[in-house]
1. Pop out the carbon and sulfur fraction of the accessible area of the chain as a percent, whole number, probe 1.4 Å.
2. In terms of the Cα gyration tensor, with a ≥ b ≥ c the square roots of its eigenvalues, is segment 71-111 rounded because a/c is under 1.5, prolate because a/b exceeds b/c, or oblate?
3. Looking at the chain as a GNM with Cα springs under 10 Å, which of Val127, Val189, Val81 has the largest mean-square fluctuation?
4. Between Glu27 and Ala5, what is 0.36 nm times their sequence separation minus the Cα-Cα distance? Round to one decimal in nm.
5. So the label point goes 7 Å from the Cα of Arg111 along Cα→C-beta, right? Which residues of segment 11-34 then have their backbone N under 17 Å from it?
6. Under a 10 Å cutoff between Cα atoms, tell me which one of Ile16, Ile174, Ile161 has the largest fluctuation in the Gaussian network model of the chain.
7. Rounded, prolate or oblate: which fits segment 7-126, taking a ≥ b ≥ c as square roots of the Cα gyration tensor eigenvalues, rounded meaning a/c under 1.5, else prolate when a/b beats b/c?
8. For the chain, modelled as a Gaussian network with Cα springs under 10 Å, which listed residue fluctuates most, Arg111, Arg206, Arg177?
Amino acid sequence: MAESAVRVMVVDDHPIWREAVARDLAEDGYQVVATIGEGAQALRIAGSVRPDVVVLDLLLPDMPGVEVARGLRTAYPDARVLILSASAGQRDVLEAVKAGAAGYIIKSAGRAEFLDAVRKTAAGDAVFSPGLAGLVLGEYRKLATSKAPDTPRLTEREAEILRMVGTGLTYKQIAERLVISHRTVQNHVQNTLAKLQLHNRAELVRYAIEHGLDSA
């Protein structure tokens, strides 16, 4: 299966929960490269195990999960962080996203929802449990109204695709709407990432939201 190449690191301080998550991932074809109970250890070994996705709890015994997410984003920008937390509190969700998390899933989510979230996170999508996406969008829209956009010069097509990415459309959906190929959409996205000095689709979505480009 396509997910077999995806490398996942699980960071959670509850051994039973941690091992259950790792088992579900392994059974679905993911390569679990590490299961860890402390944030500092996760930051130390991330460079050697090279995870594509880090499934991260917010409550860790040695340091806040948001600090781990921030550290991973700085040191290993290619590793995408998916928060898996018992908390659905607004402050926790927003702080995690601001720290660089690509998604946020509540621990009450079903197995299928969780595995789908990991798949989408690995693909570069921003993923949230139902109800949380609107919370994040609302907050960033408020931020967008308080500052003037400072968007580097994009072509008309790049700007159009950026707005569509911000609304949550997939590359396939964008290609169908614009009647262009999937590869052409990807090329425009790669050019836009380079111009904006961003690393992946999740960061592009955040950029679009922060600059009020997600309501097209």
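The values are calculated or read from the model by the stated rules, or taken from the named source; none is laboratory data. From a predicted model like this one, the values you see are computed outputs, not experimental measurements. Cβ coordinates were reconstructed from backbone atoms using ideal geometry, including for glycine residues, and neighbour counts include every protein chain displayed. Accessible surface is based on the protein model in full, side chains and every heavy atom, while ligands, DNA and RNA are left aside. Shrake-Rupley method; radii C 1.70, N 1.55, O 1.52, S 1.80 Å.
1. It is 51 percent, rounded to a whole number.
2. It comes out oblate by the Cα gyration axes.
3. Taking springs between Cα atoms under 10 Å, the residue moving most is Val189.
4. 6.6 nm
5. Output list for this probe position: 16-32.
6. Greatest mean-square fluctuation among the candidates belongs to Ile16.
7. rounded
8. Sorting by GNM fluctuation, first place goes to Arg177.
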